[in-house]
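Here's the structure we're looking at; comments come further down.
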Amino acid sequence: MRRSFWLMALPVALLAAAAGLVWGLGDQKAQPITEANALGIGPQRLGPLPPVIAPPGNPPSSAKIRLGKELYFDPRLSADGSVSCATCHNPALGWSDEGPTSKGIHGQFGGRRAPPVSNAAYAPLQFWDGRSPSLEDQAKGPIQNPIEMGNTHEAMIQTVSAIAVYQEEFKAVFGEGPITVDQVADAIAAFERTVVTTDSRFDRYARGDHGALTPLEREGLEIFNGKGHCTGCHWGPYFSDGRFHNLGVPPKDPKNPDLGRYVVTKDPADKGAFKTPTVRDAGRRPPYLHDGSEKTLESLIDFYDRGGGKDPNLDPLMVPLRLTKHEKAALVAFIKSLDSLNPEVADVKPVTPRGLAR
Amino acid sequence: MKKTLIVLFAGATVLLALAQSALAIPAFARKHGFNCNMCHAGFPKLNDWGQRFRDNGYQVPGQQGKEKSVFEAGIPLAIRTTAGYSLYDGGGQTAGGFHLYGLDLLAAGVLHKNISFLFVYTPRIDEPAADYTGPGNGDNPAQLAAIESANIVFSNVVRDKLNLRVGRFEPGFQMMSAKRSYYLLQPFEIYQFAGSRNGFDFSANHIGIEATGRFKPGLKYALGYINGTGANPDNNKWNDVYLALAKTFGPGEGQTAGQRIGLFGYLGWQPTDLIGGVVSPGGDINGFANKTYYRIGGNVSLNLKSFNLNGLAFRAVDDMAFNELDPAVDYKFWGGIVQLDWRGLPNDRLVGSVMYNWVDPPDYDAARQIRAVSGLVRYYLGSWYAVNVALHLEVTHREIGVAPRVKDNLFTILIDFDF
């Protein structure tokens with residue numbers, strides 16, 4: 001009887017002990033992912049965007065925003081004076097560009113599509129691979145990227161410092177002292193935080209105007225948050241989780257694939273994963289995906305409907321959707337209802353910096 | 001008179017079967033701001049995304065550790081209730097009326113990264129006896145009070161490959177989930193069938209521990225060690241074991257996309273003598289003369305556009321000790337289910353389904369043979385955040401036995417409310 005008891009009890013005890021041991025040594029050792037907190041923890045309801053919160057180190061002012069706007073549209077920040085921020089992040093093109101990828105200095109093309117600047121203030125991390133933790137940090141990158149603006153920070157500062165009007169404006173905003181690259185980045189970031197789409201027909205619907213969406217668009221909203229599984233990643237007021245997912249987008253160069261987030265984290269789980277872009281204003285900025293490989297919203301939805309592409313690291317959130325034609329049309333209609341109605345954002349005219357001859 | 005009693009007994013059996021509970025957990029939708037069809041192909045059936053969510057311990061697939069726990073997200077409570085009208089016709093006589101068919105109180109959520117829980121309590125529902133004159137002493141609950149589920153899930157013990165579920169849970173050998181079936185009245189007949197002295201219920205939740213996991217490409221397993229009786233405390237120190245394997249072809253989980261085949265086997269022991277045994281302080285009884293029974297079968301789930309064809313069949317053998325009719329031989333039977341589901345209207349607002357059940361007992365027990373054809377239509381009134389109402393119409397024609405063959409029909413229209 002005693003031996004029988006132990007024969008029964010031992011397997012359970014061993015299994016429990018092994019489970020505890022393995023569990024303790026397994027996934028629990030994974031490093032915390034800091035961006036998890038940036039948009040709140042976990043999926044949130046869709047809704048209007050909250051006010052932007054500027055970081056304590058870069059409080060906004062009208063003068064700083066004005067200066068940032070001038071810098072944003074100023075091609076003199078590039079090595080040959082041909083490329084500004086707005087070249088690739090064009091307000092008229094949904095704060096992105098025609099794509100599929102962007103043309104930088106000397107006609108060079110990058111491997112990724114220009115992410116939209118509109119609402120980028122809400123993104124916890126910047127760039128498709130999230131290598132930059134803030135708009136201020138991000139703004140410095142393209143200036144010295146050899147295929148974007150092709151400049152150096154030092155040469156850019158020399159250029160800006162030589163412009164009398166800029167000297168006055170930087171002095172007014174940042175006080176006495178030499179112009180620095182941090183000041184340039186702070187001013188640009190301050191401007192970018194004003195590029196926020198707080199008003200769309202969806203936002204009006206979410207605020208209680210039930211006539212703001214057509215019946216088809218309302219169906220699209222239901223599918224977006226249901227059978228379409230879109231809110232699995234595109235959740236919350238920003239319509240993005242700010243996280244990184246491998247959608248199985250076929251690499252253009254299979255021998256040298258873009259490894260996305262993996263380049264930053266070196267975590268094999270991040271291979272081929274790219275940041276979730278916001279859906280706001282998506283209707284205004286085709287083509288889609290990080291490499292611009294889907295030309296239209298319709299083809300993009302077909303891509304998702306297939307469950308994405310094939311990739312050994314495909315995100316488990318990707319499953320075939322089995323959408324009907326009508327459901328796809330409803331989704332497209334709903335996504336277009338997210339187009340901004342903010343006139344000051346949708347139609348920002350370039351501000352020519354004083355002293356820049358055009 | 002005899003015929004009348006048979007009809008009434010069958011009717012009572014059907015109505016008691018209404019107590020079968022079903023799962024859909026709006027607490028998750030409430031937490032995430034999703035609507036029901038994020039996880040369901042029309043609740044309570046899971047779609048592929050929802051299946052992965054469940055497999056991942058009620059965490060968004062691949063996002064474990066990046067969501068609120070129950071301590072941050074609010075009270076994770078949900079209620080599901082079904083009420084309506086049913087009409088039972090057996091041998092030309094009818095019985096029926098309005099019923100509250102079921103009430104589930106659910107709580108579920110994430111306690112900590114990769115630690116989650118599910119708790120389902122079904123309170124006793126006492127029906128007014130006006131429309132019921134069946135067997136018994138007037139004690140006529142439409143649903144018995146029970147803790148249907150109470151389990152903790154340890155997910156990603158080994159990432160994707162090993163998850164552990166401990167407590168009372170729906171075991172993985174039920175490759176067609178009775179808890180998440182569209183059918184609210186018609187059970188999976190084969191699940192509830194066994195030799196006359198075998199108390200094993202294939203459809204029941206069980207107490208024990210289960211390991212599950214998945215391997216690329218598309219291979220899943222469930223390995224369990226459970227008490228098998230569903231009893232608490234247990235009446236048998238010999239526990240049961242099972243193994244289920246499923247392979248999915250193509251993207252998806254075989255729920256609404258991808259094609260899936262599965263195999264499962266179950267080996268159990270039940271005592272045939274309880275007299276004279278020791279009783280533990282917890283009330284467990286040391287039963288004697290344990291005899292074996294086993295189930296072995298397969299499952300196929302095929303998807304084409306908005307259609308899902310799902311079938312399951314198994315062979316069952318209960319030791320001769322469970323066989324009252326012919327104690328000299330093992331009690332052998334087999335049976336299965338074939339179900340064709342269709343989803344229509346945007347966001348799967350409309351669901352239709354037909355189902356065929358069959359059970360073939362041994363010839364000497366042909367009176368228990370079952371053939372049943374069922375159909376249903378469910379229309380979901382809305383797809384709001386964390387609440388849904390379905391109008392449900394279900395019919396079944398069933399034939400029991402061979403000679404005589406007793407035929408009955410059940411028609412039901414009800415409201416399925418989940419919030």
Residue B:393 versus residue A:302, label points 7 Å from Cα toward the beta carbon: distance in nm?
3.8
Amide H proximity to residue B:102 below 5 Å, modelled H, separation 5+ or other chain, gives B:82
Extension gain, residue A:106 back to residue A:92 (0.36 nm per residue minus Cα-Cα distance, nm)
2.8 nm
Taking a virtual spin label 7 Å from the Cα of residue A:145 along the C-beta vector, which residues in region A:289-307 bring their backbone nitrogen under 16 Å of it?
A:289-293
Take peptide B:58-65, look around each residue's Cβ out to 10 angstrom, count Cβ atoms belonging to other protein chains, and average those counts.
6
From a point 7 Å beyond the Cα of residue B:280 in the direction of its Cβ, which residues of region B:198-215 have a backbone N at a distance under 15 Å?
B:207-209
Spelling out what I want: for every residue of region B:108-117, take phi, set θ = phi - 60°, compute 6.51 cos²θ - 1.76 cosθ + 1.60 (Karplus), and round to whole Hz; glycine and proline get x.
7, x, 9, 8, 6, 3, 6, 10, 9, 8
Springs between alpha-carbon atoms under 10 Å, Gaussian network over chain A: tell me which of A:68, A:175, A:307 tops the mean-square fluctuations.
A:175
Would you look at the GNM of chain B, springs on alpha carbons closer than 10 Å, and say which of B:194, B:403, B:257 moves the most?
B:403
What is the average number of partner chain Cβ atoms found within 10 Å of a Cβ in B:341-347?
5
Would you grab the residues whose amide H sits under 5 Å from the one on residue A:108? Only those 5+ places off in sequence or on another chain, please, with H modelled 1.01 Å from N.
none
Contour minus end-to-end for residue B:79 and residue B:159, with contour as 0.36 nm per residue of separation and end-to-end as the Cα-Cα distance?
25.6 nm
If one builds a Gaussian network model of chain A from Cα atoms under 10 Å apart, the most fluctuating residue listed among A:256, A:151, A:225 is A:256
Before rounding to the nearest 500, sum -39500 (n - 2.57) across all DSSP H runs of length at least 4 in chain B and divide by the residue total; then give [θ] at 222 nm in deg cm²/dmol.
-2500 deg cm²/dmol
Under the Karplus relation with 6.51, -1.76 and 1.60 and θ = phi - 60°, whole-Hz ³J(HN,Hα) for region A:270-276, x at Gly and Pro, equal 9, 4, x, 9, 10, 5, 6
Counting Lys +1, Arg +1, Asp -1, Glu -1, what net charge surrounds residue B:371 among other residues with beta carbon under 12 Å of its beta carbon?
0
If you place +1 on the Cβ of every Lys and Arg and -1 on the Cβ of every Asp and Glu, how big does the dipole about the Cα centre of chain B come out, in debye to the nearest 20?
1440
If you plug each phi of region A:137-151 into the Karplus form 6.51 cos²θ - 1.76 cosθ + 1.60 with θ = phi - 60°, what whole-Hz ³J(HN,Hα) values come out, in order, with x for Gly and Pro?
5, 4, 4, 7, x, x, 4, 9, 6, x, 10, 10, 10, x, 9
Please get the size of the charge dipole for region A:201-336, origin at its Cα centre, with Cβ charges of +1 on Lys and Arg and -1 on Asp and Glu, quoted in debye to the nearest 20.
140
Please list, ordered by chain and number, the residues whose modelled amide H lies under 5 Å from the amide H of residue B:46; skip anything fewer than 5 residues away on the same chain.
B:41
In peptide A:310-321, what is the residue-averaged number of other protein chain Cβ atoms found within 10 Å of each Cβ?
5
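We did not get these values from a lab; they are worked out from the coordinates using the rules stated. No experiment lies behind these values; they were computed from the predicted model shown. Using ideal geometry, Cβ is built from the backbone for each residue, glycine included, and neighbour counts are taken over all protein chains shown.
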